[in-house]
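To start, the structure itself, in structure tokens.
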Amino acid sequence: MSDLYFEEEEFTSQFNGQTIKRIAQQAQPYWKWVLGFLLLIGIVSLQDAIFTYLSKLIIDEGIVVGNRPRLIQLITIYASMIIVQASGVLGFIYLAANLGERIQYDLRRKMFNHLQALSFSYFDKTPVGWIMSRVTSDAGRIADLITWGLIDTTWAVLNLTVSLVFMFIINWQLALVMSLILPILIVIAAQFQKRILTAFRQVRKLNSKLTGVYNENITGVRVVKALTREEKNLQEFDESASHLYRSAYRAAWLSALFLPTVQIVGATALGAIVWYGGWQITIGGLTVGGLQAFISYLTFMLFPIQDLARVYAEMQGSVASAERIFSLIDAKPEIVDRPDAIDPGAIRGDIEFEDVEFYYTQDKPVLADFNLRVKQGETIALVGPTGGGKSTIVNLVCRFYEPKAGIIRMGGLDYTSLTLHGIQSRIGMVLQTPHLFSGTIRENIRYGRLDATDAEVEEAARLAHAHEFIVTLEKGYDSEVGEGGNLLSTGQKQLVSLARAVLAQPDIFIMDEATSSVDTLTEALIQQGMETLMKGCTSFIIAHRLSTIKKADRILVIENGRIAEMGSHAELIRARGHYYSLYTKQFRQETEQQRIDEAFEREKIPLTI
Ligand SMILES: Nc1ncnc2c1ncn2[C@@H]1O[C@H](COP(=O)(O)OP(=O)(O)OP(=O)(O)O)[C@@H](O)[C@H]1O
Ligand SMILES: [Mg+2]
């Protein structure tokens with residue numbers, strides 16, 4: 001609901017010349033199509049006007065004077081023109097639609113590519129829903145604007161101009177009267193359409209609010225009942241619903257009023273023409289066919305006027321869509337390679353934090369004067385209270401964010417002198433909620449190293465101890481994992497991501513609370529897989545479970561962005577400080593569990609019951 005709100009609220013109601021220019025620039029590579037379109041639509045609208053003029057000739061020179069050969073001649077011209085007309089219409093609609101789709105494709109591609117380049121900080125600030133609607137509905141709106149905006153505007157402008165020219169040819173005095181009435185009609189129609197559109201937008205906004213109210217009440221039905229909030233909720237719902245009703249009523253009323261108004265103004269113009277034209281006929285200034293053609297032109301003009309008004313109103317929404325798309329494309333990634341950055345190929349040597357300062361938002365420092373040196377091949381465990389800064393430390397190692405002050409060195413070099421790819425391709429990560437991509441298990445393991453053979457994939461899965469569960473699946477390595485891997489359990493997903501990390505043979509291995517939600521058996525498997533992987537890797541392990549970190553070379557207790565304590569498990573237990581109390585508080589339960597597990601093992605009772 002909030003995402004929809006986000007979109008609706010952002011609507012700007014002004015035309016922005018700059019944005020329109022930029023949209024036009026998107027069409028530049030396809031100028032041949034645009035040219036072809038303009039040519040065809042030009043021919044079609046000229047013919048439209050000629051048709052009416054031909055009818056005038058058919059009446060005046062064929063029917064009224066009874067000239068058969070002339071009548072046949074004119075009708076033949078009429079018929080052959082219709083064929084040209086039909087092909088022209090087909091051609092320009094095809095070209096405009098193609099152009100719209102093509103530009104939509106280009107914009108989506110640009111956005112996708114740009115999103116991959118943007119830094120994490122962008123995604124912190126920007127809701128996923130907002131980005132999604134840029135890529136889907138906003139891009140779609142641009143396509144519509146280009147296709148139908150182009151067709152309707154060009155068609156309307158051409159039709160109006162050509163009709164007016166022909167009117168002047170038939171009778172300039174009458175045409176002059178018409179050209180005075182025309183702007184009034186356009187202004188009225190445009191004003192109407194603008195209001196109608198605003199009213200409908202308001203309806204949409206309220207509708208999404210109401211959906212939200214429904215949603216919250218249905219999903220939270222237990223809480224509603226438990227707290228007997230029914231009456232109050234109904235009252236709130238009533239308010240939203242009646243607001244929606246009033247807006248919808250207004251929108252419907254305005255739309256209903258639109259056509260009759262245009263028709264009344266049109267009919268007045270028609271009346272003026274019949275009155276003035278009739279008088280002109282009596283004095284010989286106009287023929288009957290001429291007056292008929294005039295009336296046709298006028299009725300003809302009403303459509304382009306309505307179209308123009310509608311396009312004008314819709315365009316404002318589309319221009320706002322374009323603005324949002326461009327704001328995404330223009331967003332600069334915060335972290336980019338320096339021009340002289342090098343790809344080290346492998347990351348060897350120590351990882352060092354020197355006086356590192358970091359915050360996500362300026363008013364809330366997370367790390368201050370943080371110093372740490374991790375030796376190559378060392379396993380560091382990070383523990384500590386929630387929000388302490390553990391994930392932040394590994395985010396900085398991955399260079400998803402960069403320090404605001406201070407330096408992080410890898411192998412003695414400031415890591416900003418290395419390329420992002422050079423660093424990130426050397427890091428293997430397994431997260432608490434591991435992310436898999438739709439596709440098969442094999443594709444997921446191969447995700448970071450596309451050239452790996454099937455044998456290498458299997459080897460990695462064996463090392464990660466994922467092989468065992470994979471072979472029990474019906475299709476083995478070719479089993480689909482579903483969107484985000486949701487056909488697998490969390491533990492299975494973690495095993496697959498471990499295999500993925502093993503295959504990538506990283507220099508740095510990072511695990512962020514990866515084993516907190518799996519059963520002890522799976523955890524033991526993951527543990528074994530990790531140990532294989534960590535050989536030769538510099539590793540950062542964030543875990544709450546004691547068993548995972550006990551074997552770490554050093555354990556760091558992170559509290560409020562500082563290292564509160566550091567040492568091996570035995571040292572820290574002996575010290576009876578933070579770690580000790582964390583251990584006794586948080587891990588007592590786990591050791592209990594372990595004791596039970598061990599007892600089960602001794603008695604040879606299967607653990608799975
Ligand atoms: N993307 C973000 N934007 C803004 N603030 C953030 C962001 N991520 C974390 N923080 C803040 O930074 C601080 C440290 O967070 P961090 O995620 O590093 O903690 P953590 O030690 O990993 O906690 P946990 O054990 O719960 O995972 C917290 O106060 C958190 O609110
Ligand atoms: Mg964390």
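The values are calculated or read from the model by the stated rules, or taken from the named source; none is laboratory data. Just so we're clear, the structure is a prediction, and the values are computed from it rather than from any experiment. Reconstructed Cβ throughout: ideal geometry from the backbone, glycine too, with neighbour counts over all protein chains shown. With ligands, DNA and RNA removed, areas are computed over all heavy atoms of the protein, side chains included. Shrake-Rupley method; radii C 1.70, N 1.55, O 1.52, S 1.80 Å.
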Under the classification rounded if a/c is under 1.5, otherwise prolate if a/b is larger than b/c and oblate if not, where does segment 469-534 fall, given a ≥ b ≥ c as square roots of the Cα gyration tensor eigenvalues?
-> prolate
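Say R0 is 35 Å: what FRET efficiency, to the nearest 0.05, do residue 473 and residue 531 get from their beta-carbon distance?
Working: r = 25 Å, r/R0 = 0.71.
For residue 473 and residue 531, the calculated efficiency is 0.90.
Of all DSSP beta bridges in the chain, what percent run antiparallel (nearest 5)? Kindly include the intermediate steps, with their values, before the conclusion.
On the way: 19 of 38 bridges.
Percent antiparallel among DSSP bridges in the chain is about 50.
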Near residue 332, which lysines are there with a Cα under 20 Å away, not counting those fewer than 8 places off in the same chain?
-> 110, 125, 404
Please report how far the C-alpha centroid of segment 264-298 lies from that of segment 403-426, rounded to the nearest whole angstrom.
-> 80
27 Å Cα-Cα reach of residue 535 towards lysines, excluding residues that sit fewer than 8 places from it in its own chain = 375, 390, 493, 550, 551
Per the helix-only calculation at 222 nm, which mean residue ellipticity applies to the chain, given -39500 (n - 2.57) for every DSSP H run of n ≥ 4 and division by its residues, nearest 500 deg cm²/dmol?
-> -21000 deg cm²/dmol
Lysines whose Cα lies under 17 Å from that of residue 194, excluding same-chain neighbours fewer than 8 positions away = 205
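May I ask you to give the solvent-accessible area per residue for segment 57-177, in square angstrom, as obtained with a 1.4 angstrom probe? Intermediate results must be reported in sequence, preceding the final value.
Numbers: 6350 Å² over 121 residues.
Here the residues of segment 57-177 average 52 Å² of exposed surface.
Rounded if a/c is under 1.5, else prolate if a/b is larger than b/c, else oblate: which is segment 94-240, with a ≥ b ≥ c the root eigenvalues of its Cα gyration tensor? Show your work: numbers first, answer last.
Numbers: a/c = 4.50, a/b = 1.69, b/c = 2.67.
Oblate is the answer for segment 94-240, as a/c is 1.5 or above yet b/c matches or exceeds a/b.
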Label-to-label distance, nm, for residues given as residue 120 and residue 239 (7 Å Cα→Cβ offset) | 4.0
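Specify whether the C-alpha gyration tensor of segment 222-376 places it in the rounded, prolate or oblate class, a ≥ b ≥ c being the square roots of the eigenvalues: rounded for a/c under 1.5, otherwise prolate if a/b is larger than b/c and oblate if not.
Numbers: a/c = 6.39, a/b = 2.05, b/c = 3.12.
In terms of gyration-tensor shape, oblate.
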Which one of 221, 466, 182 is farthest out on the positive end of the charge dipole of the chain, using unit charges on Cβ (Lys, Arg +1; Asp, Glu -1) and the Cα centre as origin?
-> 182
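Of all alpha-carbon pairs in segment 245-307, indicate the percentage at a distance above 14 angstrom. Write out the running numbers ahead of the final one.
Working: 1266 of 1953 pairs.
Across segment 245-307, Cα pairs with separations above 14 Å total 65 percent.
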Heavy-atom accessible area of segment 171-285 with neighbours in place, 1.4 angstrom probe: carbon+sulfur share in percent works out to 66
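When N counts the residues of segment 345-406, how does its alpha-carbon radius of gyration compare numerically with 2.2 N^0.38 Å, as a ratio? Don't skip to the answer; put the middle values down first.
Values: Rg = 12.2 Å, N = 62, 2.2 N^0.38 = 10.6 Å.
After normalising by residue count via 2.2 N^0.38 Å, the value is 1.15.
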Identify the chymotrypsin sites (Phe, Trp or Tyr not before Pro) of segment 129-225 meeting these criteria: DSSP loop state and at most 12 other C-beta atoms within 10 Å of the C-beta.
-> none
Do any trypsin sites (Lys or Arg not before Pro) in segment 344-453 lie in a DSSP loop with no more than 10 other beta carbon atoms within 10 Å, and if so, which?
-> none
Quick one: check the C-alpha center-to-center distance for segment 432-471 versus segment 103-178, whole angstrom.
-> 45
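Given a 1.4 Å probe, how much area per residue of segment 216-296 is accessible, in Å²?
Details: 5340 Å² over 81 residues.
Dividing the accessible area of segment 216-296 by its residue count gives 66 Å².
Provide the percentage of antiparallel DSSP beta bridges, counting only those with both residues in segment 414-548; round to the nearest 5. Write down the numbers at each step before the final one.
Working: 1 of 11 bridges.
Taking every DSSP beta bridge within segment 414-548, about 10 percent pair in antiparallel fashion.
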Residue order for 145, 227, 74 - accessible surface, 1.4 angstrom probe, largest first | 227, 145, 74
Picking from 126, 193, 167, whose Cα lies most toward the positive end of the charge dipole for the chain (charges on Cβ: Lys, Arg +1; Asp, Glu -1)?
-> 167
Just the Cα atoms of segment 420-563, one point each, no solvent: what log10 I(q)/I(0) does Debye give at q = 0.09, 0.16 Å⁻¹?
-> -0.26, -0.80
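Give me the dipole magnitude in Debye, nearest 20, for the chain about the Cα centre, with unit charges on the beta carbon: positive for Lys and Arg, negative for Asp and Glu.
Working: 58 positive and 65 negative charges, 287 e Å.
Its charge dipole is roughly 1380 debye.
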What are the extents of the Cα atoms of the chain along their three principal axes, listed from largest to smallest and rounded to whole Å?
-> 118, 61, 52
